[in-house]
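The values are calculated or read from the model by the stated rules, or taken from the named source; none is laboratory data. Bear in mind that the values here come from a model prediction, so they are computed numbers and not experimental data. Note that each Cβ is placed from the backbone with ideal geometry, even for glycine, and that neighbours are counted across all protein chains shown.
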Amino acid sequence: MTRFTQTVIAAWAGIVIAGLSGCGGGEKAPPPAPVVAAVPLTIGGSVTGLTGNGLVIQLNGANDLAVSANGKFNFPKNLTKGSAYSVTVKVAPFSPVKQSCTVAQGSGTIAAAAISNVTINCTTDSYAIGGTVSGLAGKGLVLQLNGATDLAIATNGKFIFPGMRLPDGSDYNVAIKSTPAKRKCTIKPVSAAFDKDTLNIVSVTCSAKGRRK
């Protein structure tokens, strides 16, 4: 092979190699997408019916929020999209009246927006009104609640004014409206309770007239 031919072949080989090296690299990979920080979202709602003091609600069993008035509330701790949330009542109102509070729409998983529809409704606790009677003989004993609701008592033992419940903090007055013939009945207040639902507020004691108790 002549020197000229060798030179031409070498030149073409250089061109081909250069061309291949230019095409073989391919496209560069795109840079990674920037990491988007999770947006903190508030958890809140509204309180209605609150008249007592001391209400404390809790988020996810750890984050307490004292609520002193009706209206909107938001927990100071925010959560992120996809987080589970659960709102509960930690302490019910207790002063000047006792109340019970229920939570509606208080749990779920955050989708893409703040939670603002948790509803807490509080109602004042109420109690049945009752007492005890002893020494009763015969018919005719009638007790009266707050000057309007009568209750005829036929036997000794516990009694409750049927269908009557008074809210915590209410004034009440139980009086003797009438007594059995030839009997004298006296009434005095007591402080015990039959159970958590019924107040035992008076003790009525009856005896024969002329007999000292």
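Some notes on this structure:
- Of the residues making up segment 164-185, those that are over 40 Å from the mean Cα position of the chain (by Cα), surrounded by 13 or more Cβ atoms within 10 Å (Cβ to Cβ) and either touching a residue at least 40 places away in the same chain (Cβ under 8 Å) or over 19 Å from Thr149 (Cα atoms) (or both) are Pro180, Arg183, Lys184, Cys185.
- Lone unmet requirement of (1) more than 30 Å from Val39 (Cα to Cα); (2) without any contact (Cβ under 8 Å) to a residue 60 or more places away in the chain for Ser107: (1)
- Failed item in (1) touching a residue at least 60 places away in the same chain (Cβ under 8 Å); (2) outside any strand (DSSP E or B); (3) over 25 Å from Asp197 (Cα atoms), with Val97 passing the rest: (3)
- Selected residue (criterion: nearest to the chain's Cα centre (by Cα)) from residues of segment 49-107 that are loosely packed, with under 13 Cβ neighbours inside 10 Å and farther than 16 Å from Ile120 by Cα: Gly61
- Qualifying residue in segment 1-13 (condition: at pLDDT 50 or above, of a type in the set (A, V, I, L, M) and assigned to a loop (DSSP other than H, G, I, E, B)): no
Residues checked against (1) more than 17 Å from Lys158 (Cα to Cα); (2) among the polar types (S, T, N, Q); (3) part of a strand (DSSP E or B); (4) in contact with a strand residue (DSSP E or B) (Cβ under 8 Å, 6 or more places away or on another chain):
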residue: Val89; (1), (2), (3), (4): yes, no, yes, yes
residue: Val103; (1), (2), (3), (4): yes, no, yes, yes
residue: Ala111; (1), (2), (3), (4): yes, no, no, no
residue: Cys122; (1), (2), (3), (4): yes, no, yes, yes
residue: Tyr127; (1), (2), (3), (4): no, no, yes, yes
residue: Gly131; (1), (2), (3), (4): no, no, yes, yes
residue: Gln144; (1), (2), (3), (4): no, yes, yes, yes
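- Ala137 vs. criteria in contact with a strand residue (DSSP E or B) (Cβ under 9 Å, 6 or more places away or on another chain), more than 30 Å from Lys184 (Cβ to Cβ), part of a loop (DSSP other than H, G, I, E, B) and at pLDDT below 95: no
- Taken as a whole, the structure leaves Thr132 outside the set of residues that are closer than 28 Å to Met164 by Cβ, of a type in the set (S, T, N, Q) and not assigned by TED's automatic domain parsing to the domain that holds Leu151.
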